[in-house]
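Below: the structure, in C-alpha cells.
The values are calculated or read from the model by the stated rules, or taken from the named source; none is laboratory data. Not measured: the values here are computed from a predicted model. Cβ placement follows ideal geometry from the backbone for every residue including glycine, while neighbour counts extend to all protein chains displayed.
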C-alpha cells in the first residue's frame, strides 16, 4: 500500500518526476523511448488534470507466437498490467472489465479505486486513432470512463468526479527491429469534498498529483515490464505446445 506524506509548507506547481525520469524523453537506437506531458489547472476547489504518454519497448516476437495473437486475450493483458487484486477483477461483458486498483493512503484516508475499463482489438486501419500508423496490423484500444471508491466514506467523496482515459497498445515492426508501443491520454476533473475545506488547496493538489504519479508509474511498469514478461510466457507455451 502506498502512502502519501507531504510537507505542508512545500507547494508544487507542476507534476514533476525525478531527474532520471523526466517527463520529456528522446531515445534512439534500441533503447525504450517515451514522450509525456502533464498539466494541471486549478479553479477554486475544482481541479482538472491532463496527462499524455507515448512509450516504446524493444520486443522480440516469434512468428509462431505473434503479438497480434497475444492481443486477442484481453483479460490476460489487463491482469498483467494490473496484477494487484487481479483475482478480484470482474468481466462485465465481452469488452468491459471492473478492475480493482492497488490500495492508497493519503492524509487519514485509505481507499482502493475500482475502474471500469473497456478493451477491444481493432485490425481495420480506418478505425485506428489518428496517432496510430495505418500499416499497424492490429491494436488493442482501451478506455476508462468510470472510477468508483467503494470503501471511501461518502462524506469524503468528491461531489463531482469525471475521468476519461484513452489508450492503445500495438506492435511496430521496423525491419528487424520490433517495438511494443502504447499511447495513454488521461483527463480528470474533480471537485474536492467540502469536509476537506480545512486543508490548504495547494496541499490537496500536491496529494492528488502524487497519487496520480504513483498509479501512472505503476501502469507504465505494467506495459514495460509485466506485459513483456507475460508475453514471453505466452511465447514459451506456444513453443512447448504448438497448435
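Name the single residue that is nearest to the chain's Cα centre (by Cα) among those in segment 190-212 being surrounded by fewer than 17 Cβ atoms within 10 Å (Cβ to Cβ) and not in a loop (DSSP other than H, G, I, E, B).
Pass one, segment 190-212, residues surrounded by fewer than 17 Cβ atoms within 10 Å (Cβ to Cβ): 191, 194-195, 197-202.
So of that shortlist, the ones also not in a loop (DSSP other than H, G, I, E, B) come out as 191, 194-195, 201-202.
Details: 191: 22, 194: 29, 195: 29, 201: 26, 202: 25 Å.
Looking at residues that are surrounded by fewer than 17 Cβ atoms within 10 Å (Cβ to Cβ) and not in a loop (DSSP other than H, G, I, E, B), I get 191.
Hey, could you check segment 92-110 for residues that are surrounded by 15 or more Cβ atoms within 10 Å (Cβ to Cβ) and touching a strand residue (DSSP E or B) at 6+ places or on another chain (Cβ under 6 Å) and say which is nearest to residue 216 (Cα to Cα)?
104
Identify, by number, the condition in (1) in contact with a strand residue (DSSP E or B) (Cβ under 8 Å, 6 or more places away or on another chain); (2) modelled with pLDDT of 90 or more that residue 226 doesn't meet.
Going through the list (1) in contact with a strand residue (DSSP E or B) (Cβ under 8 Å, 6 or more places away or on another chain); (2) modelled with pLDDT of 90 or more, residue 226 breaks only (1).
So residue 230 ticks every box in (1) under 27 Å from residue 128 (Cβ atoms); (2) under 15 Å from the mean Cα position of the chain (by Cα) but one. Which box is left unticked?
So residue 230 meets the others, but not (2).
How many of the residues in segment 53-80 are surrounded by fewer than 16 Cβ atoms within 10 Å (Cβ to Cβ), modelled with pLDDT of 90 or more and part of a strand (DSSP E or B)?
1
Tally time: how many residues in segment 136-181 are under 22 Å from residue 122 (Cβ atoms) and either part of a strand (DSSP E or B) or modelled with pLDDT under 90 (or both)?
23
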